[in-house]
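Asks: Below is a structure I'd like to ask you about.
The values are calculated or read from the model by the stated rules, or taken from the named source; none is laboratory data. For clarity, every value in this text was computed on a predicted model and none was experimentally measured. Don't worry about glycine lacking a Cβ; one is built from the backbone with ideal geometry, like all the others, and counts go over all protein chains shown. Accessible surface is based on the protein model in full, side chains and every heavy atom, while ligands, DNA and RNA are left aside. Shrake-Rupley method; radii C 1.70, N 1.55, O 1.52, S 1.80 Å.
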Amino acid sequence: MAFLGELQQKTEVAEAISEPAPTPALAADETPDETPAPPADAGGDAAAPPPAPAAEEPPPAAEEPPPPVIDEATVAAASTAAAAEAGGDSLKSLLPEAEPTKVRKYTGNAGIEEDILHEAVDLMKEKKWDECLEKLDEIDPEGEIGQMLSFKNTKACALWQGKQDLVSSLVIFEDILLTNPDLESVERNRKQVIMQMKYNDFNAISALLKEKKLNEAEAALRNFSLDEPITPYLRFNAANNLGITLVTIKKKIRNDGKTWYNVIPEAIQYFEVALEEKPDSIEAAHNCGLCLMQCRQFDASLEYFDKALAIKPQLVPALMGKATSLQRLECWNDCIALATGMIEFMGETDFRPWYIRGACHFALKQYEPAVNDLEKAFAIGGVPPDQLFGMQQTLIKSLSKHSEAVLFTNGQADEALALCDRALALQPSIDSPKMVEEKRHAVFNKGLALFAKGQLAESIAVMQAMVDQWPDLKSAREGLGQLALLQEDWKTGIENLEVALAGNPHPSRANLLFDLGVAYFITGDLETAKERFKRVLKKMDPDHDHSIKAIQCIEAIQRGAPQVEGPMFIPGEYNGDKEGYQYSTKGPKGEGYYKDFREQLRALGYSEDLIEILFKTGGVGNPPDMKQLWEAMAPPPDIYNTGGGAHAPGQLAYASPEELQLMYKFLKSPGPFPDEVDPTIREQYLEDEEFEEVMGMTKETFNETPKWKQQKLKEDAGLF
């Protein structure tokens, strides 16, 4: 059995362990010399998954059964009762006293049968079961002797011990007890027969488990009674093996005709029964913790993992399970301490504690130690194929985020570039369709690093490659558009910014839309430029001062102020400066001279500062440095947050729930949802009254609820 504990920051395996099902031996409380050996504890670091829930070898059949309880007092009591029923004298004893000669109390056939019963009892004492039964068969069961309790008890014991006919023996013992419920020795014999039947059944179940016939074993274990009479030893093994079997097959049971539920919660109850009988069972404690973790009861799972670790502190599967639960509870520092302790005794023999610690550092935004630990995990090796993708995904994100830190905080463009290249070299995951967002982010950061190094052409080439591969990626369009404007490549800038700013861009894009208007203004398209400036004021920022002044300038020009004579565009190569024109090789009409409105603006009385605003792009008149360019892209504060997964670089910022309230019908699954809504906290956008109606509690109570419970509530409400 193995359960994957997958977080967005990690993919970790918590293993189940299983000690072999002990070989049952026939035992009874009255025969201490034949009590079973204690079950074996889980050894070593526990078996590797998937564990065998049954014994490694089929358990043998029970040894020689204990003798029945037939003491003198019991026989005397039974004989007295039988004689009273038959109207005759009591048979004082079926056991020899001082003299071997027995006294006959009956005449005729009853007397003969009385002698036969004496002989049968003597044969039983000598454990000559078959001969004893042959003698008893000579007695009429409906006659006076056949109705005596001593006859019934002797026959039941002979059937039990001789023919192993446990069912018939049990029927006779229970028949005796119906009329004589106080016969303790008969009751003890009945219990021993039931015990032997249970051990025989468990032997058969163990054989099924050994043969991997889990469905048959499950059915047999469900029918196996844990009620008295039973030893703690047998109850432990029956409950524990049923729990392991359920977890192994993960059977789905039809509940109400419509829904399915997992039997893991049922397995938990059986492990708890097992622990009640054997509190020091490492196996049951660990497996119970594992099942609780599977049911998202992470706090409860820690209690059981700690029970197992209290017995064996270096039990690796329990340590892994505990680490998974700590991660799910977002107890990152506790998990780091746990992983560090594992590294101290495991060293570099296992990649898992290194990966766990690296994933926790990533969750805490400690990207440098995250990169170090994650790369160490890969260097150790042994990563299973089913974990490779998740681990590489976490490392790619860590490298990309670390590249931002060294670039923006330390200004180390070369190191940032190297980190991006390492992320882009992680195969095969980086080229997976599921890794598009991570790859985009790493490529985008590489473009910024190249820009920071002053390699503008190379940076533009990276952005252009992103646009070619992902034409709808707005962040790449924005980056390429701004870089193109810095190179005065107006055509490329306009094309990409138009795509990036289509629809209803976020107010944070006001300056970028202004830059687009400036590009149109410089190329002589005054109407389109004015429309873009008006859009800034109408859709994004009504107080955007530069857009207000730009519209005033354009309207003044259009009213017929002094104009520079000549055409709007003169094609051709550069041939010296021309008054009233500026030369560009990358304008929308190709290489040539474009009309320059500076003289007109001066004639209208505009200051040089204001004129410069209208002829410069990249941050409202100031060419942006590398960090300003990134900030203009407005990436989410944490694009790899634990709740909502990765987002494309430059994704629009979400509205605060305090500022935006929506009706439930606009927020519930399957969507689509408004662009302003953070999909990971959709429930927070509900109005307080409707929130309480949908979730069954106030927002304050919900926000104080553990994360795992919040997620369950959100799932039930269609908000997860």
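Asks: Which numbered condition in (1) in contact (Cβ under 8 Å) with a residue 60 or more places away in the chain; (2) surrounded by fewer than 18 Cβ atoms within 10 Å (Cβ to Cβ) is the only one that THR585 fails?
Replies: Going through (1) in contact (Cβ under 8 Å) with a residue 60 or more places away in the chain; (2) surrounded by fewer than 18 Cβ atoms within 10 Å (Cβ to Cβ) one by one, THR585 breaks only (1).
Asks: Mind telling me which of the residues LEU302, LEU290 ends up being modelled with pLDDT of 90 or more, touching a Phe, Trp or Tyr at 6+ places or on another chain (Cβ under 9 Å) and buried (at least 16 other Cβ atoms within 10 Å of the Cβ)?
Replies: Of the residues listed, the single one that is modelled with pLDDT of 90 or more, touching a Phe, Trp or Tyr at 6+ places or on another chain (Cβ under 9 Å) and buried (at least 16 other Cβ atoms within 10 Å of the Cβ) is LEU290.
Asks: State the number of residues belonging to the stretch 401-444 that are hydrophobic (A, V, I, L, M, F, W, C) and in contact (Cβ under 8 Å) with a residue 40 or more places away in the chain.
Replies: 7
Asks: On the given criteria, is ALA120 part of a helix (DSSP H, G or I) and modelled with pLDDT of 50 or more?
Replies: Judged against the criteria, ALA120 is a match.
Asks: Which pairs have Cβ atoms under 7 Å, sit 6 or more apart or on different chains, and link a residue in the stretch 238-250 that is small (Gly, Ala, Ser) to one that is not in a helix (DSSP H, G or I)?
Replies: ALA238/PHE224; ALA238/LEU226; ALA239/LEU226
Asks: Might you let me know whether the stretch 432-445 holds any residue that is more than 30 Å from GLN314 (Cβ to Cβ), crowded, with 22+ Cβ neighbours inside 10 Å and touching an Asp or Glu at 6+ places or on another chain (Cβ under 7 Å)?
Replies: Yes: the stretch 432-445 contains one or more residues that are more than 30 Å from GLN314 (Cβ to Cβ), crowded, with 22+ Cβ neighbours inside 10 Å and touching an Asp or Glu at 6+ places or on another chain (Cβ under 7 Å).
Asks: Any idea which of THR340, THR349 is modelled with pLDDT of 95 or more, closer than 24 Å to PRO313 by Cβ, among the hydroxyl-bearing types (Ser, Thr, Tyr) and surrounded by fewer than 24 Cβ atoms within 10 Å (Cβ to Cβ)? Let's see the steps before the verdict.
Replies: On the way: THR349 fails: modelled with pLDDT of 95 or more.
Testing whether each residue is modelled with pLDDT of 95 or more, closer than 24 Å to PRO313 by Cβ, among the hydroxyl-bearing types (Ser, Thr, Tyr) and surrounded by fewer than 24 Cβ atoms within 10 Å (Cβ to Cβ) leaves just THR340.
Asks: Quick one: which residue in ILE460, ILE380 is of a type in the set (Val, Ile, Thr), open to solvent by 40 Å² or more (accessible area, probe 1.4 Å) and touching a residue at least 12 places away in the same chain (Cβ under 8 Å)?
Replies: The conditions single out ILE380.
Asks: Is there a residue being assigned to a helix (DSSP H, G or I), open to solvent by 40 Å² or more (accessible area, probe 1.4 Å) and at pLDDT 90 or above anywhere in the stretch 401-417?
Replies: Within the stretch 401-417, one or more residues are assigned to a helix (DSSP H, G or I), open to solvent by 40 Å² or more (accessible area, probe 1.4 Å) and at pLDDT 90 or above.
Asks: For the stretch 135-151, enumerate the residues that are surrounded by fewer than 21 Cβ atoms within 10 Å (Cβ to Cβ) and either under 13 Å from SER169 (Cα atoms) or not small (Gly, Ala, Ser) (or both). Steps first, please.
Replies: Filtering the stretch 135-151 for residues surrounded by fewer than 21 Cβ atoms within 10 Å (Cβ to Cβ) gives 137-138, 140-143, 146-147.
Residues satisfying the conditions are ASP137, GLU138, ASP140, PRO141, GLU142, GLN147.
Asks: Right, here's the next one. Under 9 Å between Cβ atoms, at least 6 apart or on separate chains: pull out the pairs that start in the stretch 506-517 with a residue that is over 13 Å from ILE494 (Cβ atoms) and end on any residue that is of a type in the set (Ser, Thr, Tyr).
Replies: Note: pairs meeting the criteria are ALA510/SER547; PHE514/SER547; PHE514/THR617.
Asks: Identify the residue in the stretch 230-268 that is modelled with pLDDT of 85 or more and polar (S, T, N, Q) and, among all such residues, is surrounded by the fewest Cβ atoms within 10 Å (Cβ to Cβ).
Replies: For the stretch 230-268, the residue satisfying everything is THR231.
Asks: Filter the stretch 386-400 down to the residues that are in contact (Cβ under 8 Å) with a residue 40 or more places away in the chain and of a type in the set (A, V, I, L, M, F, W, C), then identify the one that is surrounded by the most Cβ atoms within 10 Å (Cβ to Cβ).
Replies: Result: LEU399.
Asks: Here's a follow-up. Say we look at the stretch 388-432 and pick out the residues that are of a type in the set (Val, Ile, Thr) and more than 20 Å from LYS376 (Cα to Cα); which of these is nearest to the chain's Cα centre (by Cα)?
Replies: First, pick out the residues of the stretch 388-432 that are of a type in the set (Val, Ile, Thr): 394, 396, 406, 409, 430.
From what is left, the residues that are more than 20 Å from LYS376 (Cα to Cα) are 406, 409.
Values: VAL406: 33, THR409: 35 Å.
Among those that are of a type in the set (Val, Ile, Thr) and more than 20 Å from LYS376 (Cα to Cα), it is VAL406.
Asks: Against the definition (part of a helix (DSSP H, G or I) and over 18 Å from the mean Cα position of the chain (by Cα)), how does THR349 come out, yes or no?
Replies: For THR349, the condition - part of a helix (DSSP H, G or I) and over 18 Å from the mean Cα position of the chain (by Cα) - is not met.
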